[in-house]
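J.: The following block contains the structure, expressed as structure tokens.
Rule-based calculations on the coordinates, nothing more; no lab input. Remember, predicted model here, so these are calculated numbers, not experimental data. Cβ sites come from the backbone with ideal geometry, for glycine too, and all protein chains shown count toward neighbours.
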Amino acid sequence: MRIIGGAAGGRKIRAPKGAATRPTADRVREAIFNMLGPLPPSTRVLDLYAGAGGLGLEALSRGATEAVFVDRSGEAVRCILENLRALGFSHRARVHRADVVPALGRLLKEGRRFDLVLLDPPYFGDEAARALSCLAGPAEGLLAEDAVLVVEHDRRMPLEHALGVLCRHDERQYGDTVVSFYRRAA
């Protein structure tokens, strides 16, 4: 795995060993950030189900001000911390070892707000739908006014078009991977 663009473009990052983590393919990550376009320098990023942190690290490399990474795996958290140190981004990031939905509640209590939320949950199961439901309802206060959510999921696990304050505005397919883009509805 490597960072695709920005200040750390071309640099390799470490991924957890084993099959428990499925890093976002370089070509999918590149497509996501091409669709997002240039990130405003004040962008605050939340990377959920972060794994190696590839999506959040890519955002930091492309100029995001800060990133918060959440993953329940100790090995994933160690990888994220190592990658942040290696890329020189540690001062712009926080890493939480936690399940996503409880972590959203804690971040909400801290008064955090995010412009870009990146979700790469396990493909099978209801993790993507649970996290989206939480962000569209009880944790919607985490979303900045024009927040964008990017959800990577399996094509066999379609997501709702609209959910609470969220509305899907684009969707792209890369083999079995689908990337759904949501915006906070006005």
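J.: Rounded to the nearest Å, what's the spacing between the alpha carbon centres of region 46-99 and region 125-157? Just the number, please.
T.: Region 46-99 and region 125-157 have Cα centres spaced 18 Å from each other.
J.: How many percent of DSSP beta bridges within region 49-186 run antiparallel, rounded to 5?
T.: Just about 65 percent of them are antiparallel.
J.: Let me ask you something else. For S73, S180, which order do you get if you count the other beta carbons within 10 Å of each Cβ and list the fewest first?
T.: With the sparsest Cβ surroundings first, the list reads S73, S180.
J.: Next question, about the same structure. So between E110 and S42, what do we pick up on full extension, going 0.36 nm a residue minus the alpha carbon distance?
T.: Separation in residues times 0.36 nm, less the Cα-Cα distance, equals 22.6 nm.
J.: Next up: In nm, what is the difference between 0.36 nm times the number of residues separating E145 and M35 and their Cα-Cα distance?
T.: Here the segment from E145 to M35 would lengthen by 37.7 nm.
J.: Sticking with this structure for a sec: Would you pull out the residues with amide H under 5 Å of Y174's amide H, same chain only if 5 or more places away, H placed 1.01 Å from N?
T.: When sequence neighbours closer than 5 places are left aside, the close amide H contacts are V179.
J.: Still on this structure: Please report F69, F114, F124, F181 as a ranked list, fewest other C-beta atoms within 10 angstrom at the top and most at the bottom.
T.: Ascending number of Cβ neighbours within 10 Å: F124, F181, F114, F69.
J.: Using only helices, what value at 222 nm comes out for the chain when you add -39,500 (n - 2.57) per DSSP H run of length 4 or more and divide by the total residues, to the nearest 500 deg cm²/dmol?
T.: After summing the helix terms and dividing by residue count, I get -8500 deg cm²/dmol.
J.: Would you mind counting up the charge near F181? Only other residues with Cβ under 11 Å from its Cβ, with Lys and Arg at +1 and Asp and Glu at -1.
T.: Within the 11 Å Cβ shell, the charges total 0.
J.: A25 label point, 7 Å along Cα→Cβ, cut-off 20 Å on backbone N: hits in region 154-186?
T.: Under cut-off, by backbone N: 154-159, 171-181.
J.: Would you mind computing, in nm to one decimal, how far apart the modelled labels at E160 and A185 are, each placed 7 Å from Cα along Cα→Cβ?
T.: So the two model labels end up 1.0 nm from each other.
J.: Further, regarding this structure: Below 8 Å between Cα atoms, with a sequence gap of 6+, how large is the relative contact order for the chain in percent?
T.: With pairs under 8 Å counted, the relative contact order is 17 percent.
J.: OK, next. Quick one: length gained pulling D126 to R78 fully straight, 0.36 nm per residue minus the C-alpha distance?
T.: Length gained, D126 through R78: 14.7 nm.
J.: Give, rounded to the nearest 20 debye, the magnitude of the charge dipole that region 115-186 has about its Cα centre when Lys and Arg contribute +1 at Cβ and Asp and Glu contribute -1 at Cβ.
T.: About 160 debye.
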